[in-house]
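The values are calculated or read from the model by the stated rules, or taken from the named source; none is laboratory data. Since the model is a prediction, treat every value here as computed from it, not as a measurement. Using ideal geometry, Cβ is built from the backbone for each residue, glycine included, and neighbour counts are taken over all protein chains shown. Surface accessibility is based on the protein's heavy atoms, side chains included, excluding ligands, DNA and RNA. Shrake-Rupley method; radii C 1.70, N 1.55, O 1.52, S 1.80 Å.
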Amino acid sequence: MNFENKTAVVTGGSRGIGLAIAKKLAENGANIAILFVGDPEEGDSAKAELEKLGVKAERYFCDVSDFEESKKVVDEVISEFGGIDILINNAGITRDKLVLNMDEKDFDAVIDVNLKGVFNMIKHTYKHFMKKRAGRIVSTSSIVGLVGNAGQANYAASKAGIIGLTKSVARELAGRGVTVNAVAPGYIGTDMTSALPEKVKESMKAQIPAKRIGTPEDVANAVAFLCSDEAAYVTGEVIRVDGGLAI
Ligand code: NDP
């Protein structure tokens with residue numbers, strides 16, 4: 001796997017699964033632009049970790065749910081890095097509640113970041129990839145988008161939406177040498193899941209055939225494959241990375 005002289009944009013690359021993906025691609029030579037919205041120190045430290053791997057790295061404040069802001073940042077990355085070869089749509093949030101207690105804001109916020117954010121990033125890089133006649137787009141869905149989950153109707157809808165979006169854009173761009181795929185992680189140990197009650201974590205772990213919680217690196221390995229030259233004939237695919245949880 002060799003990503004030398006390639007630039008990858010990783011949304012939500014400041015921590016968790018996004019940072020692991022950024023590191024895996026950087027270890028194999030890719031220059032990295034990470035997009036995030038939170039603590040500037042976290043962004044700085046992610047940038048420093050990536051630079052230690054000997055690649056060019058930059059961090060950009062960018063709310064992916066904002067159409068204009070994400071366009072501006074994509075244009076900035078193209079001008080500062082000389083182009084984009086790989087787009088990783090990984091930014092995501094949760095607002096878990098039963099529909100009984102879920103208000104409109106909880107629903108809209110999750111759809112805006114998790115689904116519209118993916119559309120925004122694909123929309124703003126689409127012509128760039130078309131002209132290049134090459135490229136890789138990988139988005140982070142979830143097994144919850146495949147099988148649903150009580151208390152996550154908004155999140156599951158956003159993650160199922162990513163799958164429909166991925167398959168449609170894969171059909172649109174296949175003739176241009178651009179592959180468009182998704183990964184569907186199961187239960188992965190990150191800040192997102194550390195917030196779950198201990199009892200829920202234990203019961204989830206007990207249901208995983210592999211008998212362990214996944215790591216961000218497990219997801220990064222699958223994403224790196226989809227970004228590689230070796231995956232040139234794989235498009236419109238959703239790879240579960242879940243230790244068998246959703247078999
Ligand atoms: P984290 O909560 O650890 O990280 C989320 C990342 O998304 C952070 O970098 C965060 O930036 C960024 N982000 C959030 N909102 C925005 C926004 N509006 N614009 C740009 N960036 C944003 O999550 P994980 O690493 O666990 O999850 C990463 C992805 O994987 C998500 O899409 C999630 O839904 C998905 N996933 C996770 C699973 C798990 O078990 N952990 C399972 C299945 C899927 P900042 O640091 O600035 O807040």
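In the set 45, 65, which member is within 16 Å of the ligand (Cβ to nearest atom) and in contact (Cβ under 8 Å) with a residue 12 or more places away in the chain?
Numbers: 45 fails: in contact (Cβ under 8 Å) with a residue 12 or more places away in the chain.
Within the list 45, 65, the selection yields 65.
Condition first: surrounded by 13 or more Cβ atoms within 10 Å (Cβ to Cβ), more than 18 Å from residue 13 (Cβ to Cβ) and not polar (S, T, N, Q). Now tell me which residues in the stretch 211-231 satisfy that. Break it down into steps so the answer makes sense when it comes.
Taking the stretch 211-231 and keeping what is surrounded by 13 or more Cβ atoms within 10 Å (Cβ to Cβ), we get 213-228, 231.
Adding the requirement that they be more than 18 Å from residue 13 (Cβ to Cβ) leaves 213-214, 225, 228, 231.
Listed by number, the residues that qualify are 213, 214, 225, 231.
Just need a number here: residues in the stretch 1-42 that are within 11 Å of the ligand (Cβ to nearest atom) and among the charged types (D, E, K, R).
4
Scan the helices (runs of 4 or more DSSP H) fully inside the stretch 111-222 and keep the ones with 3 or more residues being in contact with a Leu (Cβ under 9 Å, 6 or more places away or on another chain) and not hydrophobic (A, V, I, L, M, F, W, C).
Details: elements: 117-132, 144-147, 153-173, 191-194, 198-206.
Once the helices (runs of 4 or more DSSP H) in the stretch 111-222 are filtered for at least 3 residues that are in contact with a Leu (Cβ under 9 Å, 6 or more places away or on another chain) and not hydrophobic (A, V, I, L, M, F, W, C), what remains is 153-173.
Suppose we keep only residues that are outside any strand (DSSP E or B) and either among the polar types (S, T, N, Q) or open to solvent by less than 50 Å² (accessible area, probe 1.4 Å) (or both) within the stretch 48-62. Which one would you say is farthest from residue 78 (Cα to Cα)?
Once the filter is applied, the top-ranked residue is 48.
Let's see how each residue does on (1) more than 19 Å from residue 91 (Cα to Cα); (2) within 16 Å of the ligand (Cβ to nearest atom); (3) modelled with pLDDT under 95:
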| residue | (1), (2), (3) |
| --- | --- |
| 132 | yes, no, no |
| 136 | no, no, no |
| 139 | no, yes, no |
| 142 | no, yes, no |
| 147 | yes, yes, no |
| 160 | no, yes, no |
| 165 | no, yes, no |
| 168 | yes, no, no |
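Scan (1) in a helix (DSSP H, G or I); (2) surrounded by fewer than 17 Cβ atoms within 10 Å (Cβ to Cβ); (3) touching a residue at least 12 places away in the same chain (Cβ under 8 Å) for the single condition residue 108 breaks and write down its number.
Result: residue 108 passes all but (3).
What's the total number of residues in the stretch 153-168 that are of a type in the set (Val, Ile, Thr) and open to solvent by 10 Å² or more (accessible area, probe 1.4 Å)?
Residues of the stretch 153-168 that are of a type in the set (Val, Ile, Thr), as a first pass: 162-163, 166.
Among the residues that remain, those that are also open to solvent by 10 Å² or more (accessible area, probe 1.4 Å) are: 163.
Total meeting the criteria: 1.
What are the pairs, 6+ residues apart or on separate chains, where a residue within the stretch 161-189 that is free of Cβ contacts under 8 Å to residues at least 40 places away in the same chain has its Cβ under 6 Å from a residue that is among the β-branched types (Val, Ile, Thr)?
Listed by first residue and then by second, the contacts come to 189/213.
So if I check each of 65, 70, which one is of a type in the set (Ser, Thr, Tyr), in contact with a His (Cβ under 9 Å, 6 or more places away or on another chain) and crowded, with 18+ Cβ neighbours inside 10 Å? Before the answer, list the steps.
Values: 65 fails: in contact with a His (Cβ under 9 Å, 6 or more places away or on another chain).
When all the criteria are applied, what remains is 70.
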